[in-house]
Amino acid sequence: MAAFKDELDPISGRKVLVENNLTFAQVTDAVAAPIEAPSARWWAFFLVSVSMLGVLVVSLGWLFWEGVGIWGLNNPVAWGWAIVNFVFWVGIGHAGTLISAVLFLFRQKWRTSINRASEAMTIFAVICALLFPTVHAGRPWVLYWTLPLPNQMGMWPNFRSPLLWDVFAVSTYFTVSLLFWYVGLIPDLATMRDRAKSTVRRVAYGAFALGWRGSTRHWLHYEKAYLILAGIATPLVLSVHTIVSFDFAVSQLPGWHTTIFPPYFVAGAIFSGFGMVLTLLVPLRKWFRLEALITIKHLENMAKIILVTGMMVGYAYGMEFFIAWYSGNPYEQYAFANRAFGDYWWAYWTMVSCNVISPQLFWFKAVRRSPLALFIISIFVNIGMWFERFVITVTSLHHDFLPSSWDYYSPTIWDVSTLIGSFGLFFTLFCLFVRFLPVIALAEVKSVMPIADPHYGDHGDGHHHE
Amino acid sequence: MGSHGAIEPSKDQIWLKEGSLWRKLPLIGGVLGLAGLAGAFSQMGADKQHFWYSYLTALAVFLCFALGGLFFTIIQHVTRAGWSIVVRRLAENAMITLPVLCVLALPVVFMGSHELYEWTHAEVVANDPMLSAKKGYLDEGFWTIRMIAYFVIWSFLAIRFYSLSTSQDDAAPDAAISKAHSMRWLSAPAVLLFALSMTFFAFDAMMSLDPHWFSTMFGVYYFVGIAVSAHAFLALVSALLRRSGYLNGVVTAEHDHDLGKMMFGFTVFYSYIAFSQYFLIWYANIPEETRWFAYRIEGDFLYLTALLAIGRFPLPFFYLLPRAIKRSSGALILMASWILIMEVIDMFWVVQPVLAHHHAKESGAAMAIHVGAVDFLCLLGVGGIFLAAFGWALGRKAMIPVKDPRIAESLAHENF
Amino acid sequence: MSKPKHKKIFGLMAEYDTAKAIFKACEKVRDAGYEKWDSYTPFPVHNLDKAMGLKPSILGVIVFCCGMTGAASAMLLQWWTSTVDYPVIIAAKPYFSYQAFIPVTFELGILLSAFGAVFGMLGLNKLPQWYHSLFNSERFSRVTDDRFFICIETNDPKFDFERTRKLLEGTGAVHIEEIED
């Protein structure tokens, strides 16, 4: 235990959130400095990401030209990698909203140094997600038909379809996440405006800062808006992945139609999202020298959340299996036996080992506190979650009710290139974010430091405990 | 915020006074409980099945409240929460009723199972391929062992957390901190045990009443009822204690606000879970699954379903939305009581339709709700014993964990 | 006004270097009865709005109305398109499948609530407001970094160059400045 002795906050007795007794000015400098002096390392990452983005552009270009046949879809597996990737990216986005909104409602002050980057991650993940339903339609140029706009055909969208609910859910999610992120950015954009050395920067930051001047009358409405947005975003994040799960669960297909899908998908989304947050922040905090703000305790808390949500996912796996047996329904029972021992057994066991087994390492404090271990396990988490969506989608489709319909599904090179390209889009956007915007919510971090309390020092040392 | 030179609550705020009505709760509860049980048992002759269904309903309700105390306790430890410590002892007192309630549940296991569960009848199973397929699980011997296992797990967890917390009251500061650490350390595996035991209890005791039906969400459904009832119970009890002159300045509007937020949040979560379970089954429209809900919108049960739909979501949702309401203990007393009553109705709604279906099939009439004296007597009986055990625990020790390392943080708690 | 100025003065600004100092200063200014004034901080200081005597925000009401409007509109849209204008039998579900209409209803309620929160907040704050007299001050640029400010406007009825300055000097300010309009 002595090896993990944490610095304690003198007022609350809890682990201090900002280490090294930084002043407000030092916090500002620590976060703003990397923006003002980009490094060669940034260029390296940016160029790699842009090349991957190029792969995406080529893949989509070829897709629009030739049609969806370039992918590996067949009958009966008419939903392949496109929907797997869609659910994968939307799921990743959920962690950002959880950190911003849910942890805020639970007064978890440690969220303040990670929420900006994770909210950005959410927006970029949702952009990547929205890509797939857009391009996988046979005629993406008429995708606006999904919107309830009066038209010359006299038709309206089918509001009884989960695919349409997705349109509303994911676009609402994107809009609200963007608004929430932007509202949080306003005070920090003002900080960047006030520090800007060049006119271009001053005007650019200043335009988006809306003239923010830190007025307490403004902070009053601002904090209320933030609280309300957090309160709204919480049911939103639950509803979005629930509606995504409805895509599968409202069907009659064994392996898809099961009532626990909504919370199971949400737990899995948070699980994968936190994995991605760790993948991004473990290197980021090192390269931008932000270890005093994104402390090892922050990383440990995220590891615990990964452990909890991983166990929830494991619980859902268990329930599905048990009830499939309990139901006595031979189709249900076959669906699950097929997952574990059929043609895609390798995908299934990858999923189980990455999602259920690897997070168990987080029971050990030494693992939770090792940035390298956290990084490696976070990669496994995301591999596992991609495979989970793959297993759900493909195994239920490829062997459904009628054996004469069965067929094996393989991705083509274009399926793979589109997935890789989507990572290119994600990392390109993230590189741009890191280059131009403060990756830590400055105003929020300052507000949770002990010296931010107007009554700091009034009551002496207080209790020292943990 | 923060722990300053400790606010020490005075003894008369955190200990029940001699001669107070609260101190008589074990006696009152015990008398009502025994009278209720005796009355209910005496009704057994008239309609044995009805008795057992009512008894199971009452057990499901009060186990829900007791498990709520357990859930609240272990969750506060796992999340290292600071705000809730002043109400945690009340949850622990609810939790320690578990061993007693488990004893009360034994008659269901050893005497009532044949009246309740059609899969316990060998000839029914033999003629039914679906039930025969489940014989490995829905087997009386295995079922009995499982039920005992749940009771053992719950009693063990309840007793362990209760004794660690109450012994902490009299411990030296270092020992107190180490007990707090033990409770935190134990809480993570406890959550796992709780989740699994509660899920399978729900399957075994309630879902198997209709053994052809199944839902992977069912365990979660029982859980949400537990979660929302836990916070409602704490809001109600702490408000009533304050009106009796206890816990003033200890449990404040700040804590009410948080309990209110939790009641609100779990109400939304309940609606989400209940709706999801219903909606997916409605949408796919597979008869094997829809039968369960079909029973509950037939005849009289339609009104009960409508009552639940309104009483478990829009009513608590809009009521608990304003900040001022959540901070008023009087307002919370009303809604907390309502939520607890809704839990009773919910358990009735889950358990009773199978019985009503049997009666309807026999008489050829529509599904009717048969509420008789036995229902109230069972609730009185089990409820009385629950209150007696709760009252015993309440009077035994201080009403807050006085030596918890974070008690000062909890006492000084300030909300948004 | 005891000393007429050549340039129009917006107000008197005081600078502080700790959250504690500005908290106490705000209480003093509030108790002195000023109305046209404000404090400026790099982050929201706990309870500073109460120290200033500000009324709670009405944003919640705005958001609630927007949310209810969104949800009602969504239900109305779905009802009308599915039962009146373009009724199509889908999977034997009733035209008015209110169960199936809940997801979109919920989402649109959330979307409009969010608009209400964001645009309501900007409206109540009268933002964007890219020009403000305080930006004329060099020192004021530290408001988004690590300094706290109070500014009492000259058109406050109680404003007086000498008395107001004395009040501010007594609050522990590290610097006091006149802000041009």
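The values are calculated or read from the model by the stated rules, or taken from the named source; none is laboratory data. All values derive from a computational prediction rather than experimental measurement. Backbone-built Cβ (ideal geometry, glycine too); neighbour counts: all protein chains shown. Surface accessibility is based on the protein's heavy atoms, side chains included, excluding ligands, DNA and RNA. Shrake-Rupley method; radii C 1.70, N 1.55, O 1.52, S 1.80 Å.
Brief remarks follow.
- Hull-based mean projected area of chain A, where the convex hull spans the alpha carbons, in square nanometres: 25.7 nm²
- For the residues of B:395-408, the average number of beta carbons from a partner chain within 10 Å of their own beta carbon is 1.
- Spatially close lysines, pair count over chain B: Cα under 17 Å, gap of eight or more or interchain: 7
- The mean number of partner chain beta-carbon atoms within 10 angstrom of a residue's beta-carbon across peptide C:49-59 is 4.
- A DSSP coil position with no more than 16 other Cβ atoms inside 10 Å describes the following trypsin sites (Lys or Arg not before Pro) in the stretch A:192-232: A:Lys197.
- Residues of the stretch C:99-124 that bury at least 40 Å² of accessible area once all protein chains are present, compared with their chain alone (1.4 Å probe, heavy atoms only, ligands and nucleic acids left out), are C:Gln99, C:Ala100, C:Pro103, C:Val104, C:Phe106, C:Glu107, C:Ile110, C:Leu111, C:Ala114, C:Val118, C:Met121.
- Per-residue SASA entry for A:His221, accessible area with 1.4 Å probe, Å² rounded to 10: 30 Å²
- Accessible surface of the stretch C:59-124, 1.4 Å probe, proportion on carbon and sulfur as whole %: 81 percent
- Taken across both chains, chains B and A shield about 4300 Å² of accessible surface from a 1.4 Å probe.
- Using the Cβ-Cβ distance between C:Asp31 and B:Asp174 with R0 set to 41 Å, the FRET efficiency from 1/(1 + (r/R0)^6) comes to roughly 0.30.
- Neighbouring Cβ atoms from other chains, within 10 Å of the Cβ of residues in A:55-68, number 0 on average.
- In the stretch A:306-346, comparing the full protein assembly with the chain on its own, the residues that lose 20 Å² or more of accessible surface at a 1.4 Å probe are A:Met311, A:Tyr315, A:Met319, A:Phe322, A:Ile323, A:Trp325, A:Tyr326, A:Ser327, A:Gly328, A:Asn329.
- Positive contributions from Lys and Arg (+1) and negative ones from Asp and Glu (-1), summed over other residues with Cβ under 13 Å from the Cβ of C:Ser57, come out at +3.
- Apportionment of accessible area to carbon and sulfur, chain B, percent (1.4 Å): 70 percent
- In the structure shown, the pairs C:Lys8/C:Lys158; A:Lys109/A:Lys224; C:Lys7/C:Lys50; A:Lys15/C:Lys24; C:Lys36/C:Lys166; C:Lys28/C:Lys55 are assessed against 22 Å; a Cα-Cα span above that value is assigned to C:Lys7/C:Lys50; A:Lys15/C:Lys24.
- The chymotrypsin sites (Phe, Trp or Tyr not before Pro) found in the stretch B:310-349 include none that occupy coil by DSSP while having at most 16 further C-beta atoms within 10 Å.
- Neighbourhood charge, 15 Å Cβ-Cβ cut-off, centred on C:Tyr86 and excluding it, Lys, Arg +1 and Asp, Glu -1: +1
- Size-normalised alpha-carbon gyration radius of chain C, reference 2.2 N^0.38 Å: 1.59
- Ranking B:Ile281, B:Cys102, A:Gly211 by Cα position along the charge dipole of the protein assembly as shown, where only Lys, Arg, Asp and Glu carry charges on their C-beta atoms, puts A:Gly211 farthest toward the positive end.
- At R0 = 51 Å, FRET efficiency that the Cβ-Cβ distance of A:Glu36 and B:Tyr303 yields, to 0.05: 0.15
- Distance (nanometres) between label positions extended 7 Å along Cα→Cβ at A:Asn75 and B:Ile286: 2.4 nm
- Dipole orientation for the stretch A:38-146: of the candidates A:His136, A:Gly67, A:Phe46, A:Phe46 has the Cα lying most toward the positive pole (charges on Cβ; Lys, Arg +1; Asp, Glu -1).
- When the alpha carbon gyration tensor of chain B is reduced to an equivalent ellipsoid, the three semi-axes, largest first, read 38, 22, 21 Å.
- In this label model, A:Ile357 and B:Arg23 are separated by 6.1 nm, measuring between points 7 Å along each Cα→Cβ vector.
- Chains C and A together, accessible area buried on both sides, 1.4 angstrom probe, square angstrom: 5600 Å²
- Label zone at A:Ala137 (point 7 Å along Cα-to-Cβ), backbone N below 20 Å, the stretch A:75-98: A:78-90
- Rg/Rg_ref, the stretch A:218-346, where Rg_ref = 2.2 N^0.38 Å and atoms are Cα: 1.40
- With each label modelled as a point 7 angstrom along the Cα→C-beta vector, the B:Phe317-A:Thr412 pair spans 4.6 nm.
- Sparse-neighbour loop sites [trypsin sites (Lys or Arg not before Pro); the stretch C:6-81; at most 13 other C-beta within 10 Å; DSSP]: C:Lys7, C:Lys8
- The protein assembly as shown - charge dipole about Cα centre, Lys and Arg +1 at Cβ, Asp and Glu -1, debye rounded to 20: 2400 debye
- Rg to Rh, two decimals, where the protein assembly as shown supplies the alpha carbon set and Rh follows Kirkwood: 0.98
- Take the protein assembly as shown with all the other protein chains still there, run a 1.4 Å probe, and you get 38 Å² of accessible area per residue.
- The stretch B:173-285 shape via C-alpha gyration tensor axes, a/c threshold 1.5: oblate
- A:Leu284 - accessible surface, heavy atoms, 1.4 Å probe, Å² rounded to 10: 20 Å²
- Surface share of carbon and sulfur [accessible, 1.4 angstrom probe, percent] for chain A: 70 percent
- Stokes-Einstein translational diffusion, the stretch A:339-449 - Kirkwood Rh over all Cα pairs, 1.567 mPa s, 4 °C, in µm²/s: 74 µm²/s
- Between B:Ala38 and B:His114, the FRET efficiency from the beta-carbon distance, with R0 = 30 Å, is close to 0.85.
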